[in-house]
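Visitor: One structure, as structure tokens, below. Some questions next.
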Amino acid sequence: MIVFDIGNTDTVIGFFKEEQCINTLRVRSLKNESPVFFEYRILDFMLENNLRKEEFRYAVISSVVPILTPYFVRFCEKFLELNPFVVKPAHAGFLKINIDMPEELGSDLYVNALAALDIFKTDCVIVDFGTALTFTVVKSEGVIEGVTILPGIKTALKSLFANTSLLPEVKLEKPETVIGKNSMHAIRAGVLYGYEGAIVRLLEKIKAEIERPVKVLATGGLSAVLTDLAPQFDKIDIDLTIKGLLLYGKKSIDKTS
């Protein structure tokens with residue numbers, strides 16, 4: 001199976017053989033590029049890694065960038081000769097979505113919830129460190145209870161740089177002290193210690209509202225940046241979304257067979 005996680009910043013393509021992810025490709029989700037840009041990158045990667053189209057019998061696409069979705073549907077149809085499953089949370093039927101407008105739920109959050117529930121089989125919270133920092137609450141009965149969202153760490157930094165011309169861009173490395181001695185130190189301290197505190201507090205509030213024991217799972221490319229948060233998580237899995245897409249694909253196959 002081949003899966004596509006089309007995010008606001010990057011698109012991650014996972015190549016699976018049975019249950020095993022044998023390779024991944026990360027491509028920038030450039031909205032001003034043509035389909036050919038993505039097709040070339042994927043085909044070149046497959047050629048370099050000896051991944052033949054005949055090896056893949058199914059394809060699954062999750063997208064939070066509607067303008068790019070048809071590009072990857074076209075790739076599957078044209079080059080892989082597959083009709084992909086496109087994740088549509090409100091119509092999937094694998095989890096109940098207990099929010100006001102189920103069609104607003106991101107497909108990435110849906111498959112994250114699917115994977116986390118498969119791992120823990122109990123109430124859980126998925127903290128996804130992406131373009132947005134999201135907290136998705138899933139009940140053991142197979143219900144997505146809701147989501148908490150704030151700007152992702154890199155998104156907050158970019159906003160700061162865009163609106164403050166004198167501030168330099170900084171690396172995501174947490175300083176030893178919270179009181180900054182120069183601009184870079186001050187920004188790193190404020191953003192990284194600030195987000196650390198926000199995550200701890202939000203998890204406390206979420207757990208208090210659920211009023212039941214929960215497992216907490218962290219995912220996303222930046223999940224390893226705030227190392228002091230590790231005790232807050234029962235598991236860290238940066239590949240959770242593509243694992244969720246594999247599971248979505250398997251359930252969709254069962255549903256249609």
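The values are calculated or read from the model by the stated rules, or taken from the named source; none is laboratory data. What you are looking at is a predicted structure, and each value in this text was computed from that prediction instead of being measured. Heads up, the Cβs are rebuilt from the backbone with ideal geometry, glycines too, and the neighbour counts pull from every protein chain shown. Ligands, DNA and RNA are stripped out before the accessible areas are found, and what is left, the full protein with its side chains, is counted by its heavy atoms. Shrake-Rupley method; radii C 1.70, N 1.55, O 1.52, S 1.80 Å.
Visitor: Among residues belonging to the range 229-249 that are in contact (Cβ under 8 Å) with a residue 24 or more places away in the chain, farther than 23 Å from Arg26 by Cα and part of a helix (DSSP H, G or I), point out the one that is least open to solvent (accessible area, probe 1.4 Å).
Guide: Leu229
Visitor: Still on this structure: Hey, could you check the range 177-186 for residues that are modelled with pLDDT of 85 or more and not basic (Lys, Arg) and say which is farthest from Arg212 (Cα to Cα)?
Guide: Asn182
Visitor: For the range 11-25, what are the residues that are surrounded by 15 or more Cβ atoms within 10 Å (Cβ to Cβ) and either free of Cβ contacts under 8 Å to residues at least 24 places away in the same chain or small (Gly, Ala, Ser) (or both)?
Guide: Matches in the range 11-25: Gly14, Leu25.
Visitor: Then there is this: How many residues does the range 1-26 hold that are more than 16 Å from the chain's Cα centre (by Cα) and either outside any strand (DSSP E or B) or among the aromatic types (Phe, Trp, Tyr) (or both)?
Guide: Count: 5.
Visitor: From the list Val12, Val36, exactly one residue is aliphatic (A, V, I, L, M) and in contact with a strand residue (DSSP E or B) (Cβ under 7 Å, 6 or more places away or on another chain). Which is it?
Guide: Answer to the check: Val12.
Visitor: Hey, any hits in the range 160-176 for a residue that's open to solvent by less than 60 Å² (accessible area, probe 1.4 Å), assigned to a helix (DSSP H, G or I) and at pLDDT 85 or above?
Guide: No; the residues of the range 160-176 include none that is open to solvent by less than 60 Å² (accessible area, probe 1.4 Å), assigned to a helix (DSSP H, G or I) and at pLDDT 85 or above.
Visitor: Applying the selection to the range 200-237, what residues are within 22 Å of Val111 (Cβ to Cβ) and of a type in the set (Val, Ile, Thr)?
Guide: Ile206, Ile210, Val214, Val216, Thr219, Ile236 - these are the residues of the range 200-237 that are within 22 Å of Val111 (Cβ to Cβ) and of a type in the set (Val, Ile, Thr).
Visitor: I'm trying to understand the selection: among the residues of the range 122-158, which are closer than 21 Å to Pro102 by Cβ and among the aliphatic types (A, V, I, L, M)?
Guide: Selection gives Val125, Ile126, Ala132, Val137, Val138, Val143, Ile144, Val147, Ile149.
A quick yes/no check of all residues on (1) of a type in the set (Lys, Arg); (2) within 23 Å of the chain's Cα centre (by Cα); (3) within 30 Å of Arg57 (Cβ to Cβ):
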position	(1), (2), (3)
Ala189	no, no, no
Gly221	no, yes, yes
Val225	no, yes, no
Gln232	no, yes, no
Asp237	no, yes, yes
Gly244	no, yes, yes
Lys255	yes, no, yes
